[in-house]
Amino acid sequence: MNSNPKTAIIIGGGIAGCSTAYALASRGIKVTLFERNTQIASEASGNPQAMLYPRLSGDDDASRFALESYLYSLEFFNQLHLKPADFNVCGMLQLGFNPRELVRIQKVAAQNHADDILKYVSADEASSLAGATLPHDALYFPKAAWVNPEQLCKRLVAHKNISIKTLTNIDSLLKNNDLFEIYSNGQLIEKADFAIIANANEAQHLGINLHLKTQAVRGQVSMLEATSVSQNIKSIICSDGYLSPAENGQHCLGATFSVDNLDTALDEEDHQANLFKLKSFSSALHENLKNNIKGGRVSFRCTSFDYFPLVGKLLDNKLLQAKPPRPNAKPELLPWVNGLYINVAHGSRGFTSAPFCAELLAQMICNEPITMNIEFAELMNPNRFGLRKLGLKRLAKMICST
């Protein structure tokens, strides 16, 4: 592809698309970002609050990626100088609320992380940190935070090199000679040197033969009116769900996880499921807040079958299937679509993983030295499912270096 790209198309205005736009615009690239809704951050990136914390289980790839992307994103958000009302480093407590979770947090604590990253605390210490009585020991992440997704995304795209086009549904994406073209309602509306697909569950609807192995996962959060007791909560509290400190008199409680329910309407059973999560870490808080549900929000996360995001340069899947390479082929000899990239499938952790992945992608696109952990780039190879289907497991773990 062009070694000095000047223009980019990004399809999708959630956290993946907005953070990718920011990373590219900061390098002097003119970016046009397309969003099908009336404004950016309208779908899975549109909840009232996003919690920024990692879930760790041990010294495995998923835990290492979760921790590294979390630390990167926190530093990145701090550099954006968001308003205190939009970004709050309040800390987070992960409770050992059942025997399995207690073993997990003890295992993580034994890895000797620095105290400013995480530390094990007793139930009494957890209660003091939370501002509420908690009956469980916990892992405490002092740098964990919540962020206002809409305001964050607006901050990311408030750059002179970024143009936003909303209410634009992209029908197809084509490559014509060295330029990418996108079409809306059958009409050509934009051309650019390269293109990034960042529209989550809609990535399969661009007229491109992609083998992504993703699924839409429904999540519902519940908004609770704060009480005089719950107003004292100072940190995010987690069991298999989370409760945020009150902001503007409301707590965010979530979230459900369903691959079968495709209903966009609020579900009372899901509200009750969220309240059950609350009860698992504090019967007292459950009793205090159980009648205070004032609303909620439904969105559909995009998750891959192995739970790693899909990030990187894309192959021509038709050519790959028509003429499969040998297992020992060099990655650079595969049928790459030069200039075509993707950044999707961040699941419920998009606000910790997407900025990290956006920076990685920008380094790839601009042919810069990769400063991020290259092992993560290999794990997130967006072509891995198609390559594995052909029995090319070695190539599924490799990326194109050019």
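Filter region 299-339 down to the residues that are in a strand (DSSP E or B) and aromatic (Phe, Trp, Tyr), then identify the one that is nearest to Gly207 (Cα to Cα).
If we take residues in region 299-339 being in a strand (DSSP E or B) and aromatic (Phe, Trp, Tyr), then Trp336 is nearest to Gly207 (Cα to Cα).
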Unmet requirement for Ile293, which otherwise passes all of (1) within 30 Å of Asn248 (Cα to Cα); (2) under 25 Å from the mean Cα position of the chain (by Cα): (2)
Of the residues that make up region 193-209, is at least one under 18 Å from Arg36 (Cα atoms), modelled with pLDDT of 95 or more, assigned to a strand (DSSP E or B) and out of contact with any helix residue (DSSP H, G or I) (no Cβ under 7 Å at 6 or more places or on another chain)? yes
When the residues of region 1-49 are filtered to those that are at pLDDT below 95 and among the hydrophobic types (A, V, I, L, M, F, W, C), which remaining residue is farthest from Tyr242 (Cα to Cα)? Met1
Glu359 passes all but one of the listed conditions (1) in the same structural domain as Leu278 (by TED's automatic domain parsing); (2) within 15 Å of Ile15 (Cα to Cα); (3) modelled with pLDDT of 95 or more; the exception is number (1)
Confirm whether Asp124 is exposed (fewer than 14 other Cβ atoms within 10 Å of the Cβ), touching a Pro at 6+ places or on another chain (Cβ under 7 Å) and either of a type in the set (D, E, K, R) or under 30 Å from Ile233 (Cα atoms) (or both). no
Can you tell which of Lys107, Lys83 is in a helix (DSSP H, G or I), in contact (Cβ under 8 Å) with a residue 24 or more places away in the chain, surrounded by fewer than 19 Cβ atoms within 10 Å (Cβ to Cβ) and not hydroxyl-bearing (Ser, Thr, Tyr)? Lys107
Looking at Phe300, Phe351, Phe356, which is the one that is surrounded by 22 or more Cβ atoms within 10 Å (Cβ to Cβ), under 30 Å from Glu225 (Cα atoms) and touching a residue at least 24 places away in the same chain (Cβ under 8 Å)? Phe351
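The values are calculated or read from the model by the stated rules, or taken from the named source; none is laboratory data. None of these values were measured; they are calculated from a predicted model. Please note: Cβ atoms are built from the backbone with ideal geometry, for glycine as well, and neighbour counts cover all protein chains shown.
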